[in-house]
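Chemist: Questions regarding the structure given below will be posed in turn.
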Amino acid sequence: MNVSYSQIVVETVITFFVLLTLTRFLGKKQLSHLTFFNYVTGITIGSIAANMVVLDTGNYTKELTSLIVWCLLNTIIGYISLKSGKIRVILDGQPTIVIKKGKIDKEALAKTKINIDDLTMMIRQYQVFSITEIDYAILEPNGILSILKKPEYQGTQKIDLKILPQSPAFIPTEIIADGKLLKRNLLEIGKSKDWLNNELKKANIKSIDEVFYAEIQPNGEMFIQKK
């Protein structure tokens, strides 16, 4: 079946915007691939969309419907697992303790289908080269290993030295980027445009257009770089 270039362009544009809308609808959980199910779902959605553009099956509407239904099913499953802990365990799995009180749990390794070489490789990613340094190690549902070192191997923290710093007044936030004011960020930190203009005047800057980048620091001061 011959398909005109104009039809290919139209179908590609439609697929692009439908996929853009659906991915925004699915949310950030899908993007982060929190579980193997999320990972497989992301690949499947991408494959369906790619086939719609590349392959000429002669039934674009059917494929588009398949893509939308797949995303809707994923959203429904996500909502159900959000409301039900039992369903969430079935779909996402649950953490598995593979090292407990400094000892490797052989049954847990066999259950998760991880051998000792895989375990030591994952541990080395935390700059830990000996099992003896670890108190607990937990394999998360997304396949990432979380470890808790034994107290004698943990780094010194400020609280150990009885140093209790105050929380910063602000989170470092960009206010101006490439000469453009980021109004939303300015509102997020509870500051007005008049305040910003006063800060710019202190730096001998007359206009926002003169600024390449500006960021508020934790102490409330401004970092400003001119163009």
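Chemist: Please find, within the range 187-219, the residue that is surrounded by the fewest Cβ atoms within 10 Å (Cβ to Cβ) out of those that are among the acidic types (Asp, Glu) and over 22 Å from Pro168 (Cα atoms).
Modeler: The initial filter retains those residues of the range 187-219 that are among the acidic types (Asp, Glu), namely 188, 194, 199, 209-210, 215.
Remaining after also requiring over 22 Å from Pro168 (Cα atoms): 194, 209-210.
Values: Asp194: 8, Asp209: 11, Glu210: 15.
Filtering first and then ranking leaves Asp194.
Chemist: Cβ-Cβ distance below 6 Å, separation of 6 or more or different chains: which pairs start in the range 26-48 with a residue that is closer than 13 Å to Asn142 by Cβ and not assigned by TED's automatic domain parsing to the domain that holds Thr15 and end on one that is surrounded by 15 or more Cβ atoms within 10 Å (Cβ to Cβ) and at pLDDT below 70?
Modeler: That search, which allows pairs on different chains as well, returns nothing.
Chemist: Now a separate question. Checking the structure you have, find out if any residue of the range 94-107 is modelled with pLDDT under 85, out of contact with any helix residue (DSSP H, G or I) (no Cβ under 7 Å at 6 or more places or on another chain) and under 25 Å from Thr21 (Cα atoms). Before the answer, list the steps.
Modeler: Of the residues in the range 94-107, the ones modelled with pLDDT under 85 are 94.
Okay, now just the ones that are also out of contact with any helix residue (DSSP H, G or I) (no Cβ under 7 Å at 6 or more places or on another chain), so 94.
Filter once more, keeping what is under 25 Å from Thr21 (Cα atoms): none.
Within the range 94-107, not a single residue is modelled with pLDDT under 85, out of contact with any helix residue (DSSP H, G or I) (no Cβ under 7 Å at 6 or more places or on another chain) and under 25 Å from Thr21 (Cα atoms).
Chemist: Which ranges mark the strands (runs of 3 or more DSSP E) fully within the range 98-192 that have 2 or more residues being more than 25 Å from Asn219 (Cβ to Cβ)? Break it down stepwise before answering.
Modeler: Values: elements: 134-139, 145-149, 173-177.
Here the list reads 134-139, 145-149.
Chemist: Might you check whether a residue that is part of a strand (DSSP E or B), charged (D, E, K, R) and touching a Ser or Thr at 6+ places or on another chain (Cβ under 7 Å) occurs anywhere in the range 202-218?
Modeler: Checking the range 202-218: at least one residue is part of a strand (DSSP E or B), charged (D, E, K, R) and touching a Ser or Thr at 6+ places or on another chain (Cβ under 7 Å).
Chemist: Is at least one residue of the range 94-111 without any contact (Cβ under 8 Å) to a residue 12 or more places away in the chain and within 30 Å of Glu11 (Cα to Cα)? First the steps, then the outcome.
Modeler: Step one: list which residues in the range 94-111 are without any contact (Cβ under 8 Å) to a residue 12 or more places away in the chain, which gives 103, 105-107, 109-110.
Those still in the list that are within 30 Å of Glu11 (Cα to Cα) too: none.
No.
Chemist: Also, quick follow-up: Scan the range 169-179 and give yes if some residue there is without any contact (Cβ under 8 Å) to a residue 24 or more places away in the chain and either in contact with an Asp or Glu (Cβ under 6 Å, 6 or more places away or on another chain) or under 30 Å from Lys111 (Cβ atoms) (or both), otherwise no. Explain how you work it out, then say what you get.
Modeler: Our first condition is that a residue be without any contact (Cβ under 8 Å) to a residue 24 or more places away in the chain; within the range 169-179, this holds for none.
No, the range 169-179 contains no residue that is without any contact (Cβ under 8 Å) to a residue 24 or more places away in the chain and either in contact with an Asp or Glu (Cβ under 6 Å, 6 or more places away or on another chain) or under 30 Å from Lys111 (Cβ atoms) (or both).
Chemist: Would you call Thr132 over 30 Å from Ile48 (Cβ atoms) and polar (S, T, N, Q)? Write out each step before concluding.
Modeler: Values: over 30 Å from Ile48 (Cβ atoms): yes; polar (S, T, N, Q): yes.
So Thr132 fits the description; yes.
Chemist: Any residue at all in the range 142-155 that is touching a residue at least 60 places away in the same chain (Cβ under 8 Å), among the small types (Gly, Ala, Ser) and within 30 Å of Ile90 (Cβ to Cβ)? First the steps, then the outcome.
Modeler: Just the residues of the range 142-155 that are touching a residue at least 60 places away in the same chain (Cβ under 8 Å), to begin with: 142-143.
From the residues that got through so far, the ones that are among the small types (Gly, Ala, Ser) too are 143.
Remaining after also requiring within 30 Å of Ile90 (Cβ to Cβ): 143.
Yes.
Chemist: To continue, here is another question. Just need a number here: residues in the range 54-84 that are part of a helix (DSSP H, G or I) and in contact with an Asp or Glu (Cβ under 7 Å, 6 or more places away or on another chain). If you could, list the steps in order and put the result at the bottom.
Modeler: Let us first name the residues in the range 54-84 that are part of a helix (DSSP H, G or I), namely 54, 60-83.
If we keep only those that are in contact with an Asp or Glu (Cβ under 7 Å, 6 or more places away or on another chain) as well, we get 60, 81.
The total comes to 2.
Chemist: Among (1) under 30 Å from Arg124 (Cβ atoms); (2) loosely packed, with under 10 Cβ neighbours inside 10 Å, where does Arg184 come up short?
Modeler: Failed condition: (1).
Chemist: Just one of the numbered conditions (1) at pLDDT below 90; (2) within 25 Å of the chain's Cα centre (by Cα); (3) surrounded by 10 or more Cβ atoms within 10 Å (Cβ to Cβ) is not true of Met222; which one?
Modeler: Of the numbered conditions (1) at pLDDT below 90; (2) within 25 Å of the chain's Cα centre (by Cα); (3) surrounded by 10 or more Cβ atoms within 10 Å (Cβ to Cβ), the odd one out for Met222 is (2).
The values are calculated or read from the model by the stated rules, or taken from the named source; none is laboratory data. Note that the structure is predicted; figures quoted are calculated from it, not measured. FYI the Cβ positions are ideal-geometry reconstructions off the backbone, even for glycines, and counts take in every protein chain you see.
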